[in-house]
Amino acid sequence: MAGQCTICLSEMNDPVCIPCGHLYCSQCLSDYIASSSEDGYTTLCPTCRALFSIVSPELTCLPKHVHRYITPSIRRVYLDSSAVQSLQQKLVTSQNQVRNLKKESERLMLFCEKYQNASDVHADGEAKARLEVERLTRLLREQKLATEEAEEETLEWKERHDDLKKQLNEASKKPSRKRASNARDHSQNNDQFHSISPPTTPRRRVIRDLPSRSKKKLRTISPDLTDETPFWPL
């Protein structure tokens, strides 16, 4: 797990480093040098085009005190793969966490939309219920006013009824008094009529002077005839 080689675009196999610091596969760099070096001594970096030497002097021909200053242009690189594996594992774990968080976020968004729609429906229902309450309150107020007016009108008609009843009672008492007065006057008139003695005529004198036997015969002919019955002239 040494990274990606920019020549073969694959994971590095046996990585090597050049003086400019870029890493390549050992075989990829060898093939590149063999195809790109013009003099066989130097070549350019495939990435940054820096010039570096591809030959190194024979150390046996040089004094030993300069050996430590002679370093090869291409050096093998040893990478700690355990750290890379740990990082790779952490990366995979992080990617899984991100994926799970995305799923959770999508699920929460769905719930949010659902509850938002439910909230909108509830708000509409609440607005309609508030309007209905206002309408019913207005109707109740109008009904209360109508009831008060009806009660006032009922009291007014009741008072009128009581007045009419009182007037009717008074009117009914007056004719009875008048009838009693008329009856009294009529009886007085009858008494006066009976108390008036009819005028004495010759015929009446004859009837008055008749003997009692003749009067009895007259009573048999007219049973309603009595001694007190006045005889008016014919």
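The values are calculated or read from the model by the stated rules, or taken from the named source; none is laboratory data. Since the model is a prediction, treat every value here as computed from it, not as a measurement. We place every Cβ from the backbone using ideal geometry, glycine too, and count neighbours over all the protein chains shown. Ligands, DNA and RNA are excluded from the accessible area calculation, which covers all protein heavy atoms including side chains. Shrake-Rupley method; radii C 1.70, N 1.55, O 1.52, S 1.80 Å.
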Next item on the list: Scan region 127-155 residue by residue and report those that are acidic (Asp, Glu) and open to solvent by less than 90 Å² (accessible area, probe 1.4 Å).
Entry: GLU132, GLU148
Notebook entry, point to check: How many residues does region 67-112 hold that are open to solvent by 100 Å² or more (accessible area, probe 1.4 Å) and part of a helix (DSSP H, G or I)?
Noted result: 15
Checklist line | Residue count for region 1-10, restricted to those that are part of a loop (DSSP other than H, G, I, E, B), of a type outside the set (A, V, I, L, M) and surrounded by fewer than 17 Cβ atoms within 10 Å (Cβ to Cβ) | finding: 4
Notebook entry, point to check: Of all residues in region 11-45, how many are part of a loop (DSSP other than H, G, I, E, B), under 20 Å from SER82 (Cα atoms) and open to solvent by 60 Å² or more (accessible area, probe 1.4 Å)?
Noted result: 2
